[in-house]
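S.K.: One structure, pasted below without further comment.
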Amino acid sequence: MKLNVPITGFLIGLFLPFIGMFIVYLVWRGNMGIGEFTSYLMHQKGMAAKVLLLGVLINLIPFVYFNLKKLDYAMRGIFIITMIYAMFIILLRFVW
């Protein structure tokens, strides 16, 4: 698989925030199960935006790695999907 293509960065940037949100869940869960936690986030839109934002921050790791390795096209893919997540977070926080 060729690494320096935008689709590689796009896929990494798309799925890595789910791991980040799971890490946030493990830190903040208290006595809640994963179902209760997601139900809580569905009702608390401000909190959902915060959890999503913390999950998206994990995209910095491959972004910096691709930057150091001069994999510009893969870095573009991560940047594009991160901006899509950012627009969703803004909509979630201020519109809904």
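Just so it is clear, none of the values below were taken in a lab; they were calculated from the coordinates. Keep in mind the model is a prediction, meaning the values are calculated, not measured. Ideal geometry is used to build each Cβ from the backbone, glycine not excepted, and the neighbour counts take in all protein chains shown.
S.K.: Between the helical axis of 45-56 and the dominant principal axis of the chain, each derived from Cα atoms, what acute angle in degrees is found, rounded to the nearest 10?
M.R.: Helix 45-56 sits roughly 30 degrees off the main axis of the chain.
S.K.: List the trypsin sites (Lys or Arg not before Pro) in the range 36-96 that DSSP assigns to loop (not H, G, I, E or B) and whose Cβ has at most 16 other Cβ atoms within 10 Å. Which are they?
M.R.: Details: sites: K45, K50, K69, K70, R76, R93; in loops: K69, K70.
Within the range 36-96, the qualifying trypsin sites (Lys or Arg not before Pro) (loop, at most 16 other Cβ atoms within 10 Å) are K69, K70.
S.K.: Counting Lys +1, Arg +1, Asp -1, Glu -1, what net charge surrounds F94 among other residues with beta carbon under 15 Å of its beta carbon?
M.R.: Working: positive: K45, K50, R93; negative: none.
Within the 15 Å Cβ shell, the charges total +3.
S.K.: Measure nothing fancy, just the Cα-based angle from helix 34-43's long axis to the longest principal axis of the chain, in degrees from 0 to 90, nearest 10.
M.R.: 80 degrees
S.K.: Restricting to DSSP H runs of at least four residues, report the calculated mean residue ellipticity at 222 nm for the chain, -39500 (n - 2.57) per run over all residues, nearest 500 deg cm²/dmol.
M.R.: On the way: 5 runs with 77 residues, N = 96.
So the helix-based figure for the chain works out to -26500 deg cm²/dmol.
S.K.: Under a Cβ-Cβ cut-off of 15 Å, what is the net charge of the residues other than T8 that fall near it, where Lys and Arg count +1 and Asp and Glu count -1? Intermediate values should be presented prior to the final figure.
M.R.: On the way: positive: K2, K69, K70, R76; negative: D72.
Taking every other residue near T8 into account, the sum is +3.
S.K.: Note down the magnitude of the dipole of the chain about its Cα centre, charges +1 on Lys and Arg C-beta and -1 on Asp and Glu C-beta and zero elsewhere, to the nearest 20 debye.
M.R.: Numbers: 8 positive and 2 negative charges, 35 e Å.
So the magnitude is around 160 debye.
S.K.: In terms of modelled amide H atoms, which long-range or inter-chain residues lie less than 5 Å from the amide H of V5?
M.R.: It is A74, by chain and number.
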